[in-house]
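Structure record follows, encoded as structure tokens.
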Amino acid sequence: MRAAFATLLLLTVLALPLLARPALAEQGAVLDAPEIKRLEPGGHACAITFDDGPGKYTPALLDLLKERGIHATFFVLGEHVQKAADTVRRIAAEGHEIDNHSYDHPLLRHLTEAQQKQEMDKTELALKALGVIPHFFRPPYGSYDSGTVRAAAEDNLVLALWSVDSLDWKYRTVKGIEAQVLPKGQVEPRGIFLFHDIHRTTVRAMPDVLEKLAQAGCRFVTLAEWLAEER
Ligand SMILES: [Zn+2]
């Protein structure tokens with residue numbers, strides 16, 4: 001069953017690259033770490049994602065991404081979107097992708113399906129008011145249940161987790177973060193990388209971290225680009 005699902009997923013991606021996202025969303029696809037590893041495109045594609053913002057350090061992050069010509073993916077909280085509309089507009093204007101990370105970061109498994117849907121819808125509305133249409137939903141703490149999957153599919157959102165966790169909420173130094181995203185002995189960095197742009201220490205570490213990843217061969221893409229690549 002799982003193999004058949006994976007094949008269907010793969011065929012959909014190969015046959016309909018432009019329509020892949022809605023098709024995947026309708027199937028209730030979940031891009032969890034094993035699925036990400038299975039779908040991994042070639043050529044060291046690295047999708048850098050930032051959760052929980054936008055925050056007060058996001059503009060500095062945007063400056064350094066712009067300097068390096070890197071497009072990232074921002075999983076924003078609805079409650080922050082309303083407070084930082086200008087930053088959200090800037091993220092979009094500078095070619096980054098903006099996706100849905102719930103309204104106020106609850107543990108979704110403790111909510112009913114209707115409440116979970118509300119978390120998605122409120123953020124969706126806040127983003128649409130700014131002209132942004134999200135394509136992915138990332139559940140807070142990576143924690144979800146079947147209700148989350150159904151609610152995301154109804155909103156045409158693909159549930160997207162990550163395959164490389166920087167643990168930047170815990171490790172507040174360049175070295176600490178680098179040890180997570182580029183462990184010793186790792187020769188082929190790739191995947192969907194998780195960071196948080198609400199931490200000053202993360203934003204400060206990003207120039208070095210991005211440089212190290214680039215030196216190791218990372219080709220930076222957004223999440224939609226990662227998913228649309230041919231395999
Ligand atoms: Zn989060």
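Laboratory data are not the source of any read-out in this text; all were calculated from the coordinates shown. As the structure is a prediction and not an experimental result, all values here were calculated from the model. Note: ideal-geometry Cβ built from the backbone for every residue, glycine included; neighbour counts use all protein chains shown.
For the criterion of being assigned to a loop (DSSP other than H, G, I, E, B), over 15 Å from the mean Cα position of the chain (by Cα), surrounded by fewer than 23 Cβ atoms within 10 Å (Cβ to Cβ) and within 15 Å of the ligand (Cβ to nearest atom), P41 fails.
Pairs only if they're at least six apart or on different chains, beta carbon under 8 angstrom, first in segment 73-85 and touching a residue at least 12 places away in the same chain (Cβ under 8 Å), second aromatic (F, W, Y) and within 11 Å of the ligand (Cβ to nearest atom); list them, first residue then second. Cβ pairs passing all conditions: T73/F50; F74/F50; F75/F50. The residues of segment 178-229 that are within 26 Å of V30 (Cα to Cα), among the aliphatic types (A, V, I, L, M) and without any contact (Cβ under 8 Å) to a residue 40 or more places away in the chain, listed by number, are V181, L182. Under the condition of being under 16 Å from T73 (Cα atoms) and not β-branched (V, I, T), the residues counted in segment 200-228 number 11. Looking across segment 61-118 at every residue that is among the hydroxyl-bearing types (S, T, Y) and more than 16 Å from the ligand (Cβ to nearest atom), the one that is farthest from C218 (Cα to Cα) is identified as T112.
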